[in-house]
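The block underneath contains the structure these notes are about, expressed in structure tokens.
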Ligand SMILES: Cc1cc2nc3c(=O)[nH]c(=O)nc-3n(C[C@H](O)[C@H](O)[C@H](O)COP(=O)(O)O)c2cc1C
């Protein structure tokens, strides 16, 4: 099949689009408002854009709390979502009124960061402390809601020693959760290594 998303219907019962870019990592984004109240929400429009310097990005449909908090403070935390925290991640996606602390709602523990004023998720084995680098007005969606991307510079990296095996972050132990299309998720349960080919004249 072929369709043009802006011009014609796809003819399927549900939009296939998000299933076409899968799996997508879930950025579990912590932030605080100008009064210091904590906020936590999952974003699957999330990616690492570069490693030196380390840069991450998440994108929001609608001006959600995570976006207004990033605008207000210039800081956020990326937490990884291990499969074991699926229910807590899902709970934190609740559409709660501004000022509700989703750490508390989801039964998670806040830990102070080293360099920024945003807490991280204690139960998550990996967290990046981020400073907002750029906020981009990407577009507006089909309902006229703003689509906004936040690009962050990673200034601090937390890795739980328990997930380091022989000097390597052990993805088998973390089993990171990812988002597919529809209401589908996947966890990483098979890891293999592959070296890039070397051109020989
Ligand atoms: C797995 C998952 C991924 C999500 N990804 C996004 C996303 O990429 N962009 C978005 O706008 N909302 C996304 N949502 C919905 C937000 O998490 C939800 O609207 C949340 O209430 C936003 O919280 P906030 O207002 O505290 O930022 C996602 C929800 C789930 C469960």
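Just so you know, all these numbers are worked out from the coordinates, no wet-lab data involved. Being a predicted model, the structure only gives us computed values, none of them experimental. Virtual Cβ from ideal backbone geometry, glycine too; neighbours counted across all protein chains shown.
Sort 199, 28 by Cβ crowding within 10 Å, fewest neighbours at the top.
By the 10 Å Cβ count, ascending: 199, 28.
Tell me the Kirkwood hydrodynamic radius of the chain in angstroms, computed as one over the mean inverse distance between distinct C-alpha pairs. Present the calculation step by step, with values, prior to reporting the outcome.
Details: mean 1/r = 0.0550 Å⁻¹.
It works out to 18.2 Å.
Can you check how the C-alpha radius of gyration of segment 128-201 compares to 2.2 N^0.38 Å, as a plain ratio? Before the final figure, lay out the partial values.
On the way: Rg = 18.7 Å, N = 74, 2.2 N^0.38 = 11.3 Å.
Segment 128-201 yields a ratio of 1.65.
Contour minus end-to-end for residue 3 and residue 184, with contour as 0.36 nm per residue of separation and end-to-end as the Cα-Cα distance?
Extra length from residue 3 to residue 184 when fully extended: 62.9 nm.
Give the Kirkwood hydrodynamic radius (Å, one decimal) of segment 44-152, defined as one over the mean of 1/r across all pairs of different Cα atoms.
Kirkwood radius, segment 44-152: 14.8 Å.
Less than 20 Å from a label point 7 Å out along the Cα-to-Cβ axis of residue 111: which backbone N atoms in segment 5-40 qualify, by residue?
Only 26-32, 38-40 pass the distance filter.
Apply 1/(1 + (r/R0)^6) to the Cβ-Cβ distance of residue 33 and residue 149, taking R0 = 25 Å, and write down the FRET efficiency to the nearest 0.05.
0.80
Could you give the length gained by full extension between residue 191 and residue 131, i.e. 0.36 nm per residue of separation minus their alpha carbon distance, to one decimal place?
This chain segment gains 18.5 nm when fully extended.
For residue 200 and residue 139, calculate 0.36 nm times their separation in residues minus their Cα-Cα distance, and state this gained length in nm to one decimal.
Residue separation times 0.36 nm, minus the Cα-Cα distance, leaves 17.4 nm.
More than 21 angstrom separation, counting every C-alpha pair in segment 1-76; what % is that?
Result: 46 percent of Cα pairs exceed 21 Å.
Students often check this: by mean Cβ neighbours within 10 Å, which of 106-116, 9-19, 65-75 ranks highest, and how do the rest follow? Can you show the working numbers first?
Values: 106-116: 15.4, 9-19: 11.5, 65-75: 19.6.
Top of the packing list down: 65-75, 106-116, 9-19.
Given the Cα atoms of segment 58-122, and with Rh set as the inverse mean 1/r over their pairs in the Kirkwood sense, what is Rg to Rh to two decimals?
In segment 58-122, Rg relative to Rh is 0.94.
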